[in-house]
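For reference, the structure is listed below as structure tokens.
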Amino acid sequence: MKSFLRQLGPALRAVIVLTVVTGIVYPLAVTGVAQALFHDKANGSLIRKDGTTVGSKLIGQPFTAATYLHPRPSAAGTDGYDGTSSGGSNLGPTNPTFLATVADRVAAYRQENGLPATQLVPVDAVTASASGLDPHISLANARLQAPRIAAARGVPVSSVLAAIDAHVDGRPLGILGDPGVNVLEANLALDGTA
């Protein structure tokens, strides 16, 4: 029993020291560095309009009005865009439900944007991202929506295209993926063109 008690003391001290270091000191140090060097990013890259937070540059939102760019479809949560249920549909590319959903979305996209039946539709316009909360759409998707937005707002298509082009984010790390349009930022810019 004495050897057990002799070993228990150092073990408890180790648990207490490691708990303080890894559970308090390290998280506070990382938070302090993040706040000092990356304040905007550490606080969620929030976007404010007239002093009110309207969203985050990093999280997609649903836009359905004809006057706005529409984001990618979302499979996050029951109605989509639920940050507490981030995730994809997990339906494979040969799943009949997935194929039917995509076919319905293609038809709706063409109709909504006044496109002919032969017009190819960007894949990001009809499929959800892995997180279901992607804030970007492809440049091709955004440009196909420009005539609808211009007609709904009563502005020239060139004004809509200028707002879209001003909110293109480059390739991640300069080499990965394709440039994308941040939907929330572009839609706020479009509100400024009205």
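At 37 °C and 0.692 mPa s, grab the translational diffusion coefficient of segment 29-87 from Stokes-Einstein with a Kirkwood Rh over Cα pairs, rounded to a whole number in µm² per second.
In µm²/s, the coefficient is 242.
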Item checked: On Cα atoms only, tilt of 139-153 relative to the major axis of the chain in degrees -> 60
Next item on the list: Identify the trypsin sites (Lys or Arg not before Pro) of segment 114-194 meeting these criteria: DSSP loop state and at most 12 other C-beta atoms within 10 Å of the C-beta.
Entry: none
Check: Gaussian network model of the chain, Cα springs within a sub-10 Å range: biggest mean-square fluctuation belongs to which of Leu184, Leu37, Leu115?
Finding: Leu37
Next item on the list: Pop out the ³J(HN,Hα) list for segment 30-36 in order, Karplus 6.51 cos²θ - 1.76 cosθ + 1.60 with θ = phi - 60°, rounded to Hz; leave Gly and Pro as x.
Entry: 5, 4, x, 5, 4, 5, 6
Margin query: Nothing charged except the Cβ atoms of Lys and Arg (+1) and of Asp and Glu (-1): what's the magnitude of the dipole of the chain about its Cα centre? Round to the nearest 20 debye.
Written below: 720
Next item on the list: Starting from the Cα-Cα distance between Asn43 and Leu28, subtract it from 0.36 nm times their residue separation and give me the gain in nm to one decimal.
Entry: 3.9 nm
Notebook entry, point to check: Expressed as a whole percent, how much of the Cα-Cα distance distribution for segment 108-163 exceeds 15 Å?
Noted result: 53
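Provide the net charge surrounding Leu46, with neighbours chosen by a C-beta distance below 11 Å and charges set as Lys +1, Arg +1, Asp -1, Glu -1.
Counting the neighbours of Leu46, the net charge comes to +3.
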Note to self: With only alpha-carbon pairs counted, each pair once and no self-pairs, how large is the Kirkwood hydrodynamic radius of segment 45-193 in angstroms?
What the structure shows: 16.0
Next item on the list: Report ³J(HN,Hα) in whole Hz for each residue of segment 162-176, in order, from the Karplus equation J = 6.51 cos²θ - 1.76 cosθ + 1.60 where θ = phi - 60°; Gly and Pro get x.
Entry: 5, 5, 5, 4, 6, 10, 8, 8, x, 5, x, 6, x, 9, 8
Notebook entry, point to check: For segment 1-116, what size does the Cα cloud have along each of its three principal axes, sorted from largest down, in whole Å?
Noted result: 84, 44, 20
Next item on the list: Considering the options Ile47, Gln145, Thr67, tell which one lies farthest towards the positive end of the dipole of the chain, charges being +1 on Lys and Arg and -1 on Asp and Glu at the Cβ, about the Cα centre.
Entry: Ile47
Margin query: How are the alpha carbon pair distances in segment 67-149 distributed across 10 Å bins from zero to the largest one, expressed in percent?
Written below: 18, 49, 30, 3
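FYI, it's all coordinate maths here, none of it is from the lab. Only a predicted model underlies this, so the values are computations on that prediction, with no experimental measurement involved. Cβ coordinates were reconstructed from backbone atoms using ideal geometry, including for glycine residues, and neighbour counts include every protein chain displayed.
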